[in-house]
Structures are given as C-alpha cells and as structure tokens.
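To keep things clear, I will list the structure first and then write my remarks on it.
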Amino acid sequence: MNTCTQRSGLIERTLQLVALTGLAASSPLLNILREGPEFFVNRRAIPVDIVSLVAIVVVVPPLILLALEGCARVLGAAFSRFVHSVFVALLISIIIVPLLESSGLSGWKILALSVAIGSSVSACVARFVPARKWLAFLAILSGVSVGNFFLSDGIGTLLFPRHERLESGYTKSSATPVVVLIFDEFPLNGLLNRDLQIDAERFPNFAALVKDATWFQNAAAVNQFTPIALPAILSGRMPRSLKQLPTAESYPANLFTILGRSHAIAAYEPFTRLCPDDLCRRKTKQTSWRGRLTFMLSDLAAVYLNYIVPEDLDLGVPTIDGKWGDFWEDTTVDWDAPNFSRGDRVESFKRFMRGLKAPGEKPPFIFAHIILPHMPHQFVPSGRMYAPGVMQGYVRDQWVDDQARREVSYQQFLLQLGATDRLVGEFIARLKELGIYEQAVLVAVADHGISFQPGTHRRGDVSNEAFYDDVMSIPLFIKRPGVGMGGISSKRAQTMDVVPTVLALLGLDYDIQFDGKSLFTEADQDRTEQLLLVGRIPKKNAEEESERKKHELEGQVISFSPSVDRKRATIDWKYTIEGYASPNPYNPYYLGPHSDLLGRPVSDFAVGVSSSTFVFHARNGKPDPNRVHGVLRYDPRSGVCPCNLQGVVIGSDLKAGDEVAVAINGVLQSFARLIPSTAYAGNFVFFVLDKAFKAGENKVEIFKVLPAADNAIRLERLSPENS
Ligand SMILES: [Zn+2]
C-alpha cells in the first residue's frame, strides 16, 4: 500500500468517526442544548465556556478513538482496521438505542438488537467501498448541527448579549424597602384546607402572613416553567415566546433595573440572571474556566446517559427528572453556581438571610428565589435534609396510576412544604430584627404549581380538569407598608401584576408598558379571564400520539376562567389520604394510618415476634451497608437526618398492602402499608421527623401491625436481616 492510499484511508476513517460520534453524541447533545439554552443561563456560562463546550463535545470523542486506532497499529494494520470496525459497530449501536426506546422492547433486548444491527452495518462498511464513502460523507451532518446550534436565537443571545439599558424609568424615588420572595413549584392548594382557607396547624407562618399582607386567593401564574414564569413576576409582562431566556438582556425593564438606582439590592437569584452583573455583583471568588467546564460536562454526561441508556435498565445512571442540574450530586465544584437540587437549598438560603444587613443610606431591595418546595422532595419541616431515596410514583416524567406510591410522594411534598413555611417564619423574623419589615412592601409568590394527577406530567397537561388548580393557582401575598392591614382579596390576580403593584405602592411614576396592573387600585375592573402561555413539555413524555395532541397548544396563549369555579380535585384527594384529615400535633405533616398513635411508646402495646426480616435500602434501591442491624447513626450538627427509611421485607407472613410500623428508640414514629415488590414480600417507605433521633446510635425497630380488640393494635417485631 502506498503512502497516498494510506493517507486517503486515514482521512476516510477520520471522517467516519466524526460522522458517527456526531450522530451518536454531539448532535443529540447540541440539539438538547439548543432547545434548552437555560442550561447555560443557570450555570452562569460566559461565551467562551459555550464555545469551549461545543469544541470539546464535537472534537474530543473522534480524536480519542482515532488515537486508540493509532495505538492499535502497533500490532499491525489489520488489527487497527479491526479496532476501527469495532468502534463503528459500537457507535452505530449507540445511535440506534434511543430510536428503539419507544418499541416497547425491554432494555436488554434493545441493547442486543442495537449491537446486532451495529455489527452488521459495520461489517458492510468494512466490506463495501461505497458504504465506506457514504459513511465518511455523513461527517457533513456534524458540521450542520454545529451550525444550527450557533445560529439559534437562544444561543445567539448568550454569545452576543445586547446590553440595552433601561433609560426610561421613574422620576421620583422612594425610600420604601422592597422584599420579594419567589417560591418554586408551589401550588396554592398545598396550603389549603377543605374550607379553602390556609391550614394554620400545618402552615402557621403562611397563615400569620394574612394579618399583615393581602392574600390574593385567586392568583394565577402565567406559565408552568421557571425560565418563563419567573421573569413574568419580575418584569410585569406576559411572556412573548417560550424562547425568551431568563436574562437581563431579554427583560431589560425588570424590578432589578427599575429599582437599581434608588435601592440597595441584596439578591439571591440562583436560577435566572435577571439582575445585570453591574447591579448584582456575583461572588468575587470566580471559578476557573476549567472548573466551570468540568461542572457543565459532568451534568451533560448525565443528560447524555439518560438519553442513550434504556429507561428500565438499572445501570446507575443518575436521575435528571425534576432537577435543574448537579445531577451526580456529589460533584464538589468550587463555584458560585447555585447548588440547584443539592441539599443546601435550605442552608444556602439561610446563609443569604444571615448575610442581610440593616438598611444604610439607600432603602433595601431584597430578592430571593427559594427553590422550594420544588422537587426533589428531601427536607423535613425543621429544614434538615434526608436522602430522597427511590422516587415513588413518578416514572418517565409522569405520575403513575398507583395511589399508594403517589401518596408517598405527597407525604414528601407535605414535609417539604412544612420546611418552606418554617423558612418564611425565619425570614420574617430576620426582617423584623433588621428593622425592615414594618415599612416594607413585601411580596411572597410562587412561579407556578405542581400536579399530582395520575397519567400527567407534573406541570403539563392543560387538558386535565385539575390542571389550573394544581399548576396555575399559586399563593400570592402582598404586604403594603405598615402592619395589620392584611386581608383576603378575590381579585383574579396574575403574577405579572407584582411589579405594577409594587411600583404603585412605592408611589413611583414610570413610563414602562406593563401587561399586569396594580392590584390595590380600586377603580380597576377585575379580569374576566386569566392568561397562560402554554409551556413546552419535555419530549420524553410526548412520544405517543395521544400525548402529542395534548401539547398542540404549546407556545400559544390561552385564557382560563377564574379559579373559584374550578374543580378542587387535589384538595378532595388529599383528604382521602389516611391521616390528612386528622393531623397529630406530634407530627402534623404525617400521612398514613393510626396518626393518633404517633409518639406512643412501643411498651404500650402487646408485642410478639414475626418470622419476617427487613433490610434498609439506599437510594439506588440496593441494600444499604451503612444501615444494618437496625441501628441508625445521627449527628444533629450535620444538617442531615436519616429521616427517610426505605427498604424491603423478606418473609412469608407479610404481603403488599399489609401494615407495618417503625419505632425509633422505642417510640412509634410512622406507619405504612407495604408497597408491592417483585422480589420481596413488599417495600416499606417511612418518613420520620428528626426529633425522633438522639445524637449517636439509635435503635430502629420495624413491626408488623395487627388489629386488636377495641380498635387497638398489636405489634410483631421483624428482625433485621444480617447482610
Ligand atoms: Zn419554577
């Protein structure tokens, strides 16, 4: 073989690898990023990061494979060609796997079929010249996907930000402090009791807010997803399109830029970038380019694994459902980036709270976007974090039609709502301590809610009757300067009314066009209908034709009738969950049977012995080596607690649906019914409060619960499996 043929052979193989790594990895990734440029916004990426990331994703994979082929050459040209064929076969298999995902085949069958097809195509490529040339020609597709990425609107705005500053503003200034708290994924119906009032027993701080603030009980969001829903709150405008990025460039007139000159801004804005860099100086300790890229690449790897690994295979792929980032959860990146879904959501807000200062020369504008009670649900009301464990009832971004599992998820939501309520109390106490509260205009609002309806995406299905009540109806409280002037308003407010209302309360004249209107202007007519820009539902859920139809409204503005007429399906549903209607002061957030027995010592009951055993499971669904022999360690200083107890029961005297109980140090903390399991007698999921534990070792017992005379119970103790 002469050098010329060798060289053209090398070029051909290179192009083939570029084509295949493009189709297998870089093109799908660039498409995902092009469709969701928020990935870069909430990771605070600057243009050089975006360009570097694309270069790495497109160039590095084929280079590595080419280098390996080069190494293989040491063992002869034939071996190197064989290695190339193996790479071709593997890459084609990877391309095929996602295409077979909707075939209904099991994960292992999909993998086997993909490898079979990949190997056959690779054999053809090795054998036939036209096939080789054709494959090399496909390298052009990589170029096309890179081009599409950079030419898209979203990425363009991020690479070439237009710094339009707000010149037209108001003429007077105001000395009134402004406080805006935005919660995330918070449906109003989570707070409400049967009488549609705030449940003061479970949520005392929200209930207390009504003394000083007006509660707009018919308030609605304008979209179901943060990147569109949150900027509407801060800009006073109805979102124009689903492509608008949550940045100061996209929303030049927002509360930050409007109050930027008159007020001293203290902002906790972990997800969006509406406060321009010159007004909100980000943390001075900047991370290195390498640190930022490592963080982005590790998240991107998780996204990619979710894309290529069939859903039903348990290969340790990190879950990305319900999260914004930090998908591996143990990445220790020294960076100003928010800790998205990581446990420090409560702690990092508390840190912000502690860092607030008493007002100086300028009045403060305090802003916080608290990513609570947003999934993953992993906090008990004290604010301590627990390992969320295997998520119950939400599969492939949909609630399954399984009452027992959804109830477990609702239990977790309720506990997290308890934590949210407690933070509100602490925050208001802090404002009072700093002398800000009394004169402040204070807004507490959520960007959108969450649905627990079976068969729907948690934000998605506008055709579901309960959608408007679950996802659009949100808490909105606005406190005017002064105290004791709270109350309830039935106005059909929308989140875009927040800014016009705040500015009117500050007495500022402005010549900015808002879509929302001031809610305290008596003369104004109430809305006859509320508006929603229908958000984009993740594609995973829209595979089937019937699902796709529901999403035809995506990107359109639709109107809906006021919430008073709507079905309160979720409130009715939560009252059907055992324990909801009769909260026990020992743990008012508890859901499950025998809520009246929580906190009672085991010694009050007749106790026998069960022949079954139990094993605690870790979050991967495998036995937890740190939790054997029924002993749990707890360190009160750590901020975390072993408050989620998941595991399996092994034995023949228990089956799915049977009742079990858990006692910590001899006190009953929770009851549950066993959830069906394929390999064991059943799964148990208990949530207990951190007050159940003492520092150091805690004795955990699990019991089978049996009825006894006079509505009492008797217990049979299970032994811990010695594994
Ligand atoms: Zn949100």
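The values are calculated or read from the model by the stated rules, or taken from the named source; none is laboratory data. This structure is a prediction, so every number in the text was calculated from the model and none was measured. For neighbour counting, all protein chains shown are included, and Cβ atoms are generated from backbone atoms with ideal geometry for every residue, glycine included. These accessible areas exclude ligands, DNA and RNA; they are computed on the full protein's heavy atoms, side chains included. Shrake-Rupley method; radii C 1.70, N 1.55, O 1.52, S 1.80 Å.
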Original post:
Under 12 Å from a point 7 Å along the Cα-to-Cβ line of residue 123: which residues of segment 87-117 have their amide N that close?
Top reply: 116-117
Original post:
Which length gain, in nm to one decimal place, applies between residue 59 and residue 150 when the Cα-Cα distance is subtracted from 0.36 nm times their residue separation?
Top reply: 31.2 nm
Original post:
What's the center-to-center distance, using Cα atoms, between segment 214-260 and segment 118-164 in Å?
Top reply: 36
**OP:** Note down the relative contact order for the chain as a percent, whole number, built from C-alpha pairs under 8 angstrom at least six residues apart.
**Re:** 15
**OP:** When a/c is below 1.5 the answer is rounded, else prolate if a/b is larger than b/c, else oblate, so apply that to segment 16-106 with a ≥ b ≥ c taken from the square roots of the Cα gyration tensor eigenvalues.
**Re:** oblate
**OP:** Using label points projected 7 Å from each Cα along Cα→Cβ, tell me how many nm separate residue 109 and residue 241, to one decimal.
**Re:** 4.3
Original post:
Which peptide among 682-693, 220-231, 146-157, 189-200 comes first, and what is the full order, when sorted by highest mean count of other Cβ atoms within 10 Å?
Top reply: 220-231, 682-693, 189-200, 146-157
Original post:
Percent relative contact order of segment 400-538, based on C-alpha pairs within less than 8 angstrom and at least six residues apart?
Top reply: 21
**OP:** Quick one: which residues, 5+ away or cross-chain, put their amide H under 5 Å from the amide H of residue 449? H built at 1.01 Å from N.
**Re:** 186, 472
Subject >> Exposure rank, largest accessible area first [694, 479; 1.4 Å] >> reply: 694, 479
Original post:
Which stretch or stretches of segment 591-618 have amide N atoms under 13 Å from the point lying 7 Å from residue 582's Cα along the Cα→Cβ direction?
Top reply: 592-598
Original post:
Using alpha carbon centroids, what distance separates segment 706-723 and segment 41-70, in Å?
Top reply: 57
Subject >> Förster radius 45 Å - calculated FRET efficiency between residue 197 and residue 85 (Cβ-Cβ, nearest 0.05) >> reply: 0.05
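Using a probe of 1.4 angstrom, how much of the accessible area of the chain is carbon and sulfur, in percent? Kindly include the intermediate steps, with their values, before the conclusion.
Numbers: 17140 of 30270 Å².
Ligands and nucleic acids excluded, carbon and sulfur reach 57 percent.
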Subject >> Added length on full extension, which subtracts the Cα-Cα distance from 0.36 nm per residue, residue 8 to residue 561 >> reply: 192.3 nm
Subject >> Estimated inter-spin distance, residue 77 and residue 465, nm [label 7 Å along Cα→Cβ] >> reply: 7.4
Subject >> For segment 362-373, 3J(HN,Hα) per residue [Karplus equation, 6.51 cos²θ - 1.76 cosθ + 1.60, θ = phi - 60°, Hz, x = Gly/Pro] >> reply: 9, x, x, 10, 9, 10, 9, 9, 8, 7, 9, x
Subject >> Surface per residue (accessible, 1.4 Å probe) for the chain, Å² >> reply: 42
Subject >> Charge dipole magnitude, Cβ of K and R +1, D and E -1 - segment 76-206, Cα centre, debye nearest 20 >> reply: 940
**OP:** Out of all DSSP beta bridges with both ends in the chain, state the antiparallel percent to the nearest 5.
**Re:** 65
Original post:
Separation between the residue 433 and residue 529 pseudo-spin-labels, each 7 Å from Cα along Cα→Cβ, expressed in nm?
Top reply: 4.9
Original post:
Given 557, 369, 187, which one lies farthest toward the positive end of the charge dipole of the chain, if we put +1 on the Cβ of every Lys and Arg and -1 on the Cβ of every Asp and Glu?
Top reply: 369
Subject >> Check: the chain dipole with +1 on Lys, Arg Cβ and -1 on Asp, Glu Cβ, in debye >> reply: 1740
**OP:** Determine the order of 108, 289 by accessible area, beginning with the largest, at a probe radius of 1.4 Å.
**Re:** 108, 289
Subject >> Anisotropy class of segment 214-299 from Cα gyration tensor, a/c 1.5 cut >> reply: oblate
**OP:** Exposed loop GluC sites (Glu not before Pro) only (DSSP loop, at most 14 other Cβ atoms within 10 Å): please give the longest stretch of the chain free of them, not including the sites.
**Re:** 545-723
Subject >> Segment residue 554-residue 511, extension gain: residue separation times 0.36 nm, minus the distance between their alpha carbons >> reply: 12.3 nm
Subject >> Amide H contacts under 5 Å for residue 266, placed H, 5+ residues apart >> reply: 365, 366, 367
**OP:** Just check the chain against the gyration tensor rule for me: Cα atoms, a ≥ b ≥ c as the square roots of the eigenvalues, rounded for a/c under 1.5, and otherwise prolate or oblate depending on whether a/b exceeds b/c.
**Re:** oblate
Original post:
What figure in square angstrom, to the nearest 10, would you give for the accessible area of residue 603 with a 1.4 Å probe?
Top reply: 100
